[in-house]
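Remarks on the structure that follows.
The values are calculated or read from the model by the stated rules, or taken from the named source; none is laboratory data. On a predicted model such as this, the values are computed, not experimentally measured, just so you know. Virtual Cβ from ideal backbone geometry, glycine too; neighbours counted across all protein chains shown. Note: accessible area is taken over every heavy atom of the protein model, side chains too, but ligands, DNA and RNA are not part of it. Shrake-Rupley method; radii C 1.70, N 1.55, O 1.52, S 1.80 Å.
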Amino acid sequence: MENQGKFDRVISCEMIEAVGHERLGEFFWAVEQVLKYDGVLVMEAITTPEARYETYLRSTDFINTIIFPGSLCPSLHALIDASYKWSTLSLEHIDNIGLHYAETLAEWRRRFNAKEDVVRKMGFDDVFLRVWNYYLCYCEAGFRSQTENCLILVFSRPGNKALVPLCESRAVTQMDSLTKEKVDSWLE
């Protein structure tokens, strides 16, 4: 394999939902193949709570039929089970940022609607505006009610010393606020 053991980090950001339940194990196997021995997988995953997962596997909804056809938000247990069965990667850390993500979605919706004129100039019609607003509201409601979660998961091989800095310190740096000029330049 060309990339075997080449990477010290693999980042998966809201991608696992496209893999499907049947292929979760293959995902973890593939990641393990490309990770160095002390490599780390960091995953942001939209997940379905355990209590709903078996029913969810057999159901359809707005997201997996209209927005992301065929998608599936795995449960935490499904992810961990797949990692343990198909790789030597273990879950080392977890954060649930779902309630924060609900706030992010509300802000995205506010900003989107504040720029409706720009969106229309880009060629989008009333149908798109309604569907996009519904999508943002639907997701926001899912995270607020905790019928969906947004998890940050860290996987690695047991005994990985590269994880020590993650355990000892946490620092969040606030980026400078965007200026109106910068935002307007992106929207032109």
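Points to keep in mind about this one:
- Checked against the criterion of being closer than 26 Å to VAL183 by Cβ and touching a residue at least 24 places away in the same chain (Cβ under 8 Å), region 62-79 contains one or more residues that satisfy it.
- Residue in region 9-30 that is in contact with a helix residue (DSSP H, G or I) (Cβ under 7 Å, 6 or more places away or on another chain), free of Cβ contacts under 8 Å to residues at least 40 places away in the same chain and among the charged types (D, E, K, R) present: no
- Qualifying positions in region 84-101 - under 16 Å from ILE46 (Cα atoms) and acidic (Asp, Glu): ASP95
- Looking across region 1-57 at every residue that is polar (S, T, N, Q) and more than 17 Å from the chain's Cα centre (by Cα), the one that is least open to solvent (accessible area, probe 1.4 Å) is identified as GLN33.
- Hits in region 18-46 - residues which are touching a Cys at 6+ places or on another chain (Cβ under 6 Å) and either under 20 Å from ARG157 (Cβ atoms) or at pLDDT below 95 (or both): none
- Residue check, LEU178 open to solvent by 70 Å² or more (accessible area, probe 1.4 Å), over 30 Å from VAL40 (Cα atoms), at pLDDT below 90 and hydrophobic (A, V, I, L, M, F, W, C): yes
- Where ARG110 falls short, out of the listed (1) under 30 Å from LYS36 (Cβ atoms); (2) free of Cβ contacts under 8 Å to residues at least 24 places away in the same chain: (1)
- Test: PHE143 is at pLDDT 95 or above and either open to solvent by 30 Å² or more (accessible area, probe 1.4 Å) or β-branched (Val, Ile, Thr) (or both): no
- Of all residues in region 72-93 being surrounded by fewer than 15 Cβ atoms within 10 Å (Cβ to Cβ) and outside any helix (DSSP H, G or I), the one that is modelled with the highest pLDDT: THR88
- Entry remark, region 106-124: residues being loosely packed, with under 12 Cβ neighbours inside 10 Å, closer than 15 Å to TRP186 by Cα and among the basic types (Lys, Arg) number 2 in total.
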